[in-house]
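The values are calculated or read from the model by the stated rules, or taken from the named source; none is laboratory data. Everything numeric here is computed off the predicted structure, so don't read it as measured data. Every residue, glycine among them, receives a Cβ derived from its backbone with ideal geometry; neighbour counts consider all protein chains shown. Quick note on the areas: whole protein, heavy atoms, side chains included, nothing else; ligands and nucleic acids left out. Shrake-Rupley method; radii C 1.70, N 1.55, O 1.52, S 1.80 Å.
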Amino acid sequence: MSSSAVHFIPILTTLLAIPFSREIFRRYRKFPDRLHLLWWALGIATYGIGTLTESLTTLLGWQEPIFRAWYVSGALLGAAPLAQGTVYLMLSRKVAHTLTVLLIAYVAVASGAVYLSPIDYAAVETHRLSGGVFGWQWVRMFSPLVNLYAVVFLIGGAILSALRYSADPATRHRMWANVFIAVGAILPGIGGTATRMGHVEVLYVTELAGMLLTWTGYRM
């Protein structure tokens, strides 16, 4: 697949995120006490917003507002809402509420820095997005912590659930469901690491694969 073709993959990922997010949100409407479903629906929606900004960059070229929206929705919110859903599923409501306040405050501060940072236009590439264009490179230091949060709760929660379900043959399908979700969450992280190394096309591929695996796991 040529590089130019890879740049169109986020369009497909965005189109898939719409029905996936709606599916989870409809289930939340049936069970409004299950706040983890609301956060998961928000998580898939922000995932789709991130890939939408990538799609717009492919179609329109690099635009500063789109780039800043991409960084907030992708680097800061890529997996955090999904992880917060797992927090509500696995921890007490009181602890989950506290972590929600802390997460929102952290993302708000980080987002403010993203929108205030000057841009190094000499580093801009027409159809590729990279945090390397920030004039304040320290802004990029916000994302590792929130991504670590996502790893601990989203990936860690899925792995823990898989181990729990593996003991009983009657729930073995749920074990595989959580394996799919864990791998689906890991793949975009790999793509994000590749983006930091200048290979944003890897992110586009892993985002699509991650979306498909996560949806498969959710359905199971």
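Accessible surface for Met220 stands near 80 Å², nearest 10, in the context of the full protein assembly shown (1.4 Å probe). Taking only protein heavy atoms and a 1.4 Å probe, the accessible area of region 1-65 is 68% carbon and sulfur. Of Phe20, Phe31, the residue with the largest accessible area leads and the full order is Phe31, Phe20 (1.4 Å probe). A value for Cα extents along the principal axes in Å was derived from the coordinates, and within the list (i) 57, 40, 30; (ii) 65, 36, 32; (iii) 82, 51, 35 it appears as (i).
Arg128 sits with roughly 50 Å² accessible to a 1.4 Å probe, with DNA, RNA and ligands left out of the calculation.
Close amide H pairs (under 5 Å, H built 1.01 Å from N) link Glu125 with no residue at least 5 positions away or on another chain. Computed from the C-beta positions of Met141 and Phe8 and an R0 of 41 Å, the FRET efficiency is 0.85 to the nearest 0.05.
Summed over the residues of the chain and divided among them, the accessible surface reaches 50 Å² per residue at a probe radius of 1.4 Å. For the chain, list the DSSP H helices whose alpha carbon atoms reach 30 Å or more along the long axis and whose average Kyte-Doolittle value is 1.0 or above? Correct list, ordered by number: 35-60, 93-116. Here the relative contact order of region 102-220, from alpha carbon pairs under 8 Å that lie six or more residues apart, stands at 21 percent.
Computed FRET efficiency, Cβ-Cβ of His199 and Glu23, R0 35 Å: what is it to the nearest 0.05?
0.65
Note that region 1-105, at 20 °C in a medium of 1.002 mPa s, gets a Stokes-Einstein diffusion coefficient of 146 µm²/s from its Kirkwood radius over C-alpha pairs.
Placing Tyr71, Tyr121 in order of accessible area, with the largest value first and a 1.4 Å probe, yields Tyr121, Tyr71.
Summarising the label geometry, the points placed 7 Å from Cα in the beta-carbon direction at Ala123 and Glu64 lie 1.6 nm from one another.
Heavy-atom accessible area, probed at 1.4 angstrom with all protein chains present, ranks Leu89, Leu129 as Leu89, Leu129, highest first.
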